[in-house]
Amino acid sequence: MKKLVFAFVFAFFGICAMAGVGILRPVENYIDVNNLADGVYPVAFDPSTAKVTSKGVYINFEIYSVDVFDGKLVREIAVGDNIITGNGVTDVKTIKTVDGRYIINENEAGWLDLDPQVKDTYVVCGDDDHPTYSKHGDVRLFVPVTAKMTDDGIDGFPTKSKKILGKNIGRYIKSSWSNEFCVLNTTITVKNGKVVKIHRTYIP
């Protein structure tokens, strides 16, 4: 029985080696959501959870980062490998290169584009042309009255933009023309543990 088990194990690994079982993961990017470093973060939040005070507003944010991949590892990708993103796992069935891009599973389920970026890195874009993101956790942050918010695409018009001062942010997001603040359209700028800027971009 032991010989049969060992034979199965070796056969399994032999098949995997032939098929290609490399795993392409995003570059490790640990973010301590309870002690956020100064910087810009993609976020999502439900405006109904915002608590407005005379000094600002408290909001429950989901903190994300864009999935970034090492260029050397991208260039070594092979059919049979797996790509792991915040959206899940993609089996690599076909690979096509165009102008430095790696097109995975073109015109098939799991179609991804690996697009080159600075410092020999790549980001993955799905069929909606948006990069993929990984979630790091949830945190409640304070947005003081000194903060600023920019909201693009007011009423669905991409050229319309509105700036909101901190004392009005809480009321504005609760009664916004659109209550969708998702990772694809919203970023926050954090400084000294507080949100100093909120920016929502227009997505048609």
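The values are calculated or read from the model by the stated rules, or taken from the named source; none is laboratory data. This structure is a prediction, so every number in the text was calculated from the model and none was measured. Cβ atoms come from the backbone with ideal geometry, glycine included; neighbour counts cover every protein chain shown.
Key figures for this structure:
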| read-out | value |
| --- | --- |
| Any hit, the range 128-138, residues being more than 15 Å from the chain's Cα centre (by Cα) and not hydrophobic (A, V, I, L, M, F, W, C) | no |
| Neighbours by Cβ (under 6 Å, 6+ apart or cross-chain): first from the range 149-168, closer than 24 Å to residue 52 by Cβ and outside the structural domain of residue 40 (by TED's automatic domain parsing); second surrounded by 15 or more Cβ atoms within 10 Å (Cβ to Cβ) and of a type outside the set (Val, Ile, Thr) | none |
| Of the criteria (1) surrounded by 16 or more Cβ atoms within 10 Å (Cβ to Cβ); (2) touching a Lys or Arg at 6+ places or on another chain (Cβ under 7 Å); (3) assigned to a loop (DSSP other than H, G, I, E, B), which one residue 108 fails | (1) |
| Flag for residue 70 being buried (at least 18 other Cβ atoms within 10 Å of the Cβ) and at pLDDT 95 or above | no |
| Odd one out for residue 146, checked against (1) at pLDDT 95 or above; (2) in a strand (DSSP E or B) | (2) |
| Residue that is surrounded by the fewest Cβ atoms within 10 Å (Cβ to Cβ) [pool: residues in the range 51-67 that are farther than 14 Å from residue 184 by Cα and hydroxyl-bearing (Ser, Thr, Tyr)] | 54 |
| Single condition residue 48 does not satisfy, out of (1) more than 30 Å from residue 177 (Cα to Cα); (2) surrounded by fewer than 17 Cβ atoms within 10 Å (Cβ to Cβ); (3) at pLDDT below 95; (4) more than 15 Å from the chain's Cα centre (by Cα) | (1) |
| Selection within the range 22-41 - part of a strand (DSSP E or B) and either under 12 Å from residue 138 (Cα atoms) or outside the structural domain of residue 195 (by TED's automatic domain parsing) (or both) | 23, 24 |
